[in-house]
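One structure is given below, encoded as structure tokens.
Coordinate-derived values only; no laboratory data. Everything numeric here is computed off the predicted structure, so don't read it as measured data. Please note: Cβ atoms are built from the backbone with ideal geometry, for glycine as well, and neighbour counts cover all protein chains shown.
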Amino acid sequence: MNQLQNYINGQLVAPVAGQYIDNYNPATGEVYSLIPDSDEQDVEQAVQAATAAFPAWAKTPAEKRGRIMMRIADLIDENLERLAEAESIDNGKPLKLAKTVDIPRASSNMRFYGTAIQHFASEAHYMEGTEAINYTVRHPHGVAGCISPWNLPLYLFTWKIAPALAAGNCVVAKPSEVTPMTAYLLSEICIAAGLPAGVLNIVHGYGHKVGAAMVAHPKVPVISFTGGTATGRAIAATAAPMFKKLSLELGGKNPNIVFADCDFDNALHTSIHSSFANQGQICLCGSRIFIERPLYEKFRDAFVEKVKALTVGDPLEESSKQGAVVSEQHMQKVLSYIELAKQEGGSILTGGHRVQVEGRCANGWFVAPTVIEGLPYNCRTNTEEIFGPVVTLTPFDTEEEVIQYANCTDYGLSATIWTQNLPRAHRVAHQVHSGIVWVNTWLLRDLRTPFGGMKNSGVGREGGFEALNFFTEPQNICVKL
Ligand code: NAD
């Protein structure tokens, strides 16, 4: 069976303790590879390698660092088919999604930051009268710890590593133990691209062992984490007393607000996508759809009809619009929320159950895309993150009311607004408590923009120069002339 290895100091190596974890294919329910069950000894080796590599990498001109990152991007593109298939098998997502979204975005992340660093400039402040000049130097921190989740594995892994490396840090990174495969393939690509040894180290294993050891390590002064809010809280509890720099990209419970004057076809079509893309396992999916009352029934009926037409099946088949959810445990969590919704008075309009797929995927973990109505806006189903193919529909009458509905959760990651009334679009957008708002679109991403959440959806922003600022320490130097 395929046994993955850690990538430490430029080498593919076995975990020190020699232990491995089963890695499942969620579409078949079968173990198909083994992942290093690393511990603090492996983290220690990775931190030592990164610390040793740091002085030379930090001194490498930005243009040269960028060129190596561009080579990594090119190799990701050259291996598109292989990486996409690996991502689909590891995660359960439709192959087509991995081919058109996950893997292309991974190479874009490398290219974006490989070039952005060459446009990253520092400020100078001249003091008139006093005759002094301040200039700001931005130093890389040293060793950055990057921890990523399972939903968009290579996409989010590279989204962290790329700005950290571009800014001159060395990195110890941990992909999710649930979806380690493309991070492992990336280590092979980094070796082929000539990334100097120790600049990037990838340690596989459980969060409570590898992740926790990275966060607690005194020589890792900066942590960039994407994952669940509860994990973010645990990381902050360890990192805060050590005064580490923290970027936390956490969960969401995003509102999708549909006004009666929207472009109906666009709102409908895009809402199918924003509800169920990647089986609803994107932190930006709109899981609460609020529909202005005059449009409610028309939208509901058309939406449910389209959801019924989404084919759930083998992720490797072109015809499958919905693949498997990521794990058996996650499937049980999603199904338990559907039960909760029923207890809270919700009516299931379609879905609401596990799907038995025929053939090689008979034991896979599939959930039917599920639409629920009739729930109070502030019940648990409508305020807790389910992170699966489950959405609720709720009618509203006024702008004030829907803003109250939208803001009633502890999360504040993203929101979508559908209306042809431009002043209203801006007015509502400004009042919704979320770090990202889309108007008449969804998941249209410009990598230069600040990305992140308000409230319990996170701390800090990724994207553009925000990430390069995060991965550098500003130092002001004041010179009296
Ligand atoms: P998770 O928090 O369980 O795990 C994320 C990563 O943290 C994994 O690599 C895991 O091994 C590691 N980890 C777990 N415990 C740890 C600990 N104590 N110390 C250090 N690391 C630890 O999240 P998940 O289930 O993999 O991902 C789903 C969650 O991620 C959802 O809540 C989703 O909304 C969120 N997410 C957020 C964004 C965003 O940009 N805001 C993007 C994608 C996913």
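Structure notes:
- The Cα center of segment 66-93 and the Cα center of segment 409-481 differ in position by 27 Å.
- Within the chain: Cβ-based charge dipole about Cα centre, in debye rounded to nearest 20 (Lys, Arg +1; Asp, Glu -1): 820 debye
- DSSP bridge pairs, segment 307-463: antiparallel proportion in percent, nearest 5: 45 percent
- Of PRO315, TYR113, GLN279, farthest towards positive along the dipole that unit charges on Lys, Arg, Asp, Glu beta carbons give the chain: TYR113
- Spread of Cα-to-Cα distances over 5 Å intervals beginning at zero, given as percent, for segment 12-130: 2, 10, 11, 12, 14, 17, 15, 9, 4, 2, 2, 2, 1, 0, 0
- Antiparallel %, DSSP beta bridges [both residues in the chain], to 5: 45 percent
- Here's the list of lysines a cross-link from LYS253 could span, going by alpha-carbon distance under 22 Å and ignoring same-chain residues fewer than 8 apart: LYS93, LYS333, LYS342, LYS455.
- For segment 233-253 and segment 159-196, distance of Cα centres in Å: 21 Å
- Degrees separating the helix 293-308 axis from the principal Cα axis of the chain, which is the longest one: 80 degrees
- Simple Cβ-charge dipole of segment 88-199, Lys/Arg +1 and Asp/Glu -1, about Cα centre, in debye nearest 20: 500 debye
- Annotation: amide H of PHE396 within the under-5 Å range of ILE291, GLU292, ARG293, sequence separation 5 or more or interchain, hydrogens built in the peptide plane.
- The chain: C-alpha gyration tensor shape, a/c 1.5 cut-off, then a/b vs b/c: oblate
- Between the residues LEU375, THR350, ALA425, the greatest Cα displacement towards the positive end of the dipole of segment 255-439, with unit charges on the Cβ of Lys, Arg, Asp and Glu, is found for THR350.
- Nearest 10 degrees, 0 to 90: helix 103-116 Cα axis against the chain principal axis: 40 degrees
- Averaged over residues, the count of other Cβ atoms within 10 Å places the peptides 212-221, 182-191 in the sequence 182-191, 212-221, highest first.
- Estimated from helical segments only, the mean residue ellipticity of the chain at 222 nm is -11500 deg cm²/dmol, where each DSSP H run of four or more residues counts as -39500 (n - 2.57).
- In a reduced charge model with +1 at each Lys and Arg Cβ and -1 at each Asp and Glu Cβ, segment 255-439 shows a dipole moment near 180 debye about its Cα centre.
- In straight-distance terms, cross-link reach from LYS298 covers every one of the aspartates and glutamates whose alpha-carbon lies under 15 Å from its own, apart from those fewer than eight places away in the same chain; here that gives ASP261, ASP263, ASP265, GLU373.
- Note on LYS59: lysines with a C-alpha under 26 Å away, same-chain residues under 8 apart excluded, are LYS160, LYS174, LYS219, LYS244, LYS245.
- Neighbour cut-off at most 13 other Cβ (10 Å), DSSP loop, GluC sites (Glu not before Pro), segment 78-166: GLU123, GLU128, GLU131
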